[in-house]
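What follows is a short report on a single structure.
Just so you know, all these numbers are worked out from the coordinates, no wet-lab data involved. All values derive from a computational prediction rather than experimental measurement. No Cβ is skipped: glycine too gets one built from the backbone with ideal geometry, and neighbour counts run over all protein chains shown.
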Amino acid sequence: MEAIMSYRGKTVTGADIAFIRKMVADHPGESRRQLSKRLCLAWNWVQANGALRDQVCRSLLLVLERAGLIVLPAKRCSPLNPLANRTKPALPAVDQTPVIEHLGTVLASLQIVQVRRSSLERLFNGLIEHFHYLGYTQPVGEHLKHLVLLEDRPIACLSWSSAPRHIGCRDRFIGWSQSIRQKNLHLMAYNNRFLILPWVRIPCLASHLLAVVTRHLSRDWQKLYDHPLYFVETFVDPERFQGTCYKAANWVYLGETLGLGKDATSRQPNRSIKHAYGYPLHRRFRSFLCR
């Protein structure tokens, strides 16, 4: 049957619209939230960890209603969204005494801690907000945060999040089709922040941290989200950086982005062109990502 629209990877047909209308009619006492959960179960529309894609489904129902294709029951309440006006992380109280050392002298004292959903996450967020040039933005979807400590002093932060849906040079490097990418994108991640605090001067520290963290990243991800990772990527602004630490850690240059953000409504660039780098976490990464 002919597709009416595509939303977040879900193709909606005329038969789907008829099914939704009947579902609403058959359950007149249910709320929009209850209907979206019922629809997720009927479609088996779930996340990689098995959780219902409830919020995405509710958004789809609203889109269909605005298009005049369905009629939803009246909204029962409008709960406050604590994420809409999120308070910026506070500046943490940290020792800013300069650290000028050789890497070999501090290796034994380095600790790399995954702080997502831990008491140290607030410290991590504050460091990124006040010392990274992009500041802190709450990641969407699955994500991890690694805090690097030197004898209990924070010296670096690395965060990882769900990969962007489509990056041309990356997709050509992996060699997957659009349908396979949609199914397996959760098996790769994106290094969206990397910060070495400005008072830390340890040559080769950045590439060393990349090597150590990526060695255990898939294991850490599996603990939290019940699935492994096989590939990671990042994007470097060539007007600011040369990507030296990624090159030194054997990341592969994939090509340039098109400068189109995820919310771009045209094919015209709306942000700076970035250099894309990738790193396989398994020697058979293509077979896992493309199957």
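General remarks:
- Each Lys and Arg Cβ is given +1 and each Asp and Glu Cβ -1; about its Cα centre, the chain then shows a dipole of about 780 debye.
- Sites ARG165 and ARG122 - FRET efficiency at Förster radius 25 Å, r taken between beta-carbons, to 0.05: 0.25
- Loop-located trypsin sites (Lys or Arg not before Pro) in segment 1-42 whose Cβ has at most 16 other Cβ within 10 Å (DSSP): ARG8
- Cα centroid separation - segment 93-130 against segment 205-257, whole Å: 18
- For segment 1-114, alpha-carbon Rg relative to the globular expectation (2.2 N^0.38 Å, N residues): 1.79
- Sparse-neighbour loop sites [chymotrypsin sites (Phe, Trp or Tyr not before Pro); segment 110-204; at most 11 other C-beta within 10 Å; DSSP]: TYR133
- Cα gyration tensor, the chain - rounded (a/c under 1.5), prolate or oblate: prolate
- Residue (of PRO28, SER161, PRO238) at the positive-pole extreme of the chain, dipole from beta-carbon charges: PRO28
- Estimated FRET transfer efficiency (GLU2, ALA67; beta-carbon r; R0 22 Å; 0.05): 0.90
- Of the residues TRP221, ASN184, TRP43, the one whose Cα sits farthest towards the positive end of the charge dipole of the chain is TRP43 (charges of +1 on Lys and Arg Cβ, -1 on Asp and Glu Cβ, taken about the Cα centre).
- Between ARG291 and MET23, the contour length at 0.36 nm per residue exceeds the Cα-Cα span by 93.0 nm.
- Checking the cross-link pairs LYS10/LYS183; LYS22/LYS183; LYS10/LYS37; LYS37/LYS223 against a 18 Å limit on the alpha carbon distance flags LYS22/LYS183; LYS37/LYS223 as lying beyond it.
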